[in-house]
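Peer 1: Structure in structure tokens, see below.
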């Protein structure tokens, strides 16, 4: 069953200025009406159960406001995964979404975005127009990260 903008608008109120969804109608759980919808997931995003399936709140916000599902990826412009204000959301290709990363992921054991160990030294790497750019030969991960930030800025 496809979730439509009408279904979302009947079940939830969305405030584009705050990014918060509130239950307006919930047939299965009338006790939730008037309460904030959704919960934070392990990846840091807010998800709301619609028709027994968890949906990411930022994608629901796009559907609610535009009337159609996003065509690509919804990017949180300020990098805050829980900030679902409509002005903070944009429908972009995955490459642009990844360029907007502000910090290393939890899986990154080094702790610096764009930095990896390479042949006993450290290197910075990033993608630009589908091409991988590598800058190697740094003594510390901090130096490699500075080079990464400088290359990303350019």
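The values are calculated or read from the model by the stated rules, or taken from the named source; none is laboratory data. Here the structure is a predicted model, which means the values were calculated and not measured. Neighbour counts run over all protein chains shown; Cβ positions are idealised from the backbone, glycine included.
Peer 1: In region 52-65, what residues are touching a residue at least 24 places away in the same chain (Cβ under 8 Å) and either within 15 Å of residue 85 (Cβ to Cβ) or in contact with a strand residue (DSSP E or B) (Cβ under 8 Å, 6 or more places away or on another chain) (or both)?
Peer 2: Residues satisfying the conditions are 55, 57, 58, 60, 61, 62, 64, 65.
Peer 1: Which is at pLDDT 95 or above, crowded, with 18+ Cβ neighbours inside 10 Å, farther than 29 Å from residue 113 by Cβ and under 19 Å from the mean Cα position of the chain (by Cα), of 63, 12?
Peer 2: Criteria check complete, one pass: 63.
Peer 1: Spot the failing condition for residue 3; the list is (1) in contact with a strand residue (DSSP E or B) (Cβ under 6 Å, 6 or more places away or on another chain); (2) in a loop (DSSP other than H, G, I, E, B); (3) under 28 Å from residue 152 (Cβ atoms), and only one is missed.
Peer 2: Unmet for residue 3, out of (1) in contact with a strand residue (DSSP E or B) (Cβ under 6 Å, 6 or more places away or on another chain); (2) in a loop (DSSP other than H, G, I, E, B); (3) under 28 Å from residue 152 (Cβ atoms): (3).
Peer 1: Based on what the data block shows, is residue 18 free of Cβ contacts under 8 Å to residues at least 40 places away in the same chain and not in a helix (DSSP H, G or I)?
Peer 2: no
Peer 1: Only residues that are in a strand (DSSP E or B) and touching a helix residue (DSSP H, G or I) at 6+ places or on another chain (Cβ under 8 Å): list them for region 52-101, please.
Peer 2: The answer is 73, 74, 75, 76, 89, 91.
Peer 1: When you go through (1) farther than 21 Å from residue 94 by Cα; (2) part of a loop (DSSP other than H, G, I, E, B) one by one for residue 113, which number turns out not to apply?
Peer 2: Unmet condition: (1).
Peer 1: What are the residues in region 128-154 that are at pLDDT 75 or above and outside any helix (DSSP H, G or I), if any?
Peer 2: Matches in region 128-154: 131, 132, 133, 134, 135, 136, 137, 138, 139, 140.
Peer 1: If you don't mind, another one. Among the listed residues 43, 49, which satisfies the condition of being modelled with pLDDT under 95, assigned to a loop (DSSP other than H, G, I, E, B), in the same structural domain as residue 88 (by TED's automatic domain parsing) and within 21 Å of the chain's Cα centre (by Cα)?
Peer 2: When all the criteria are applied, what remains is 43.
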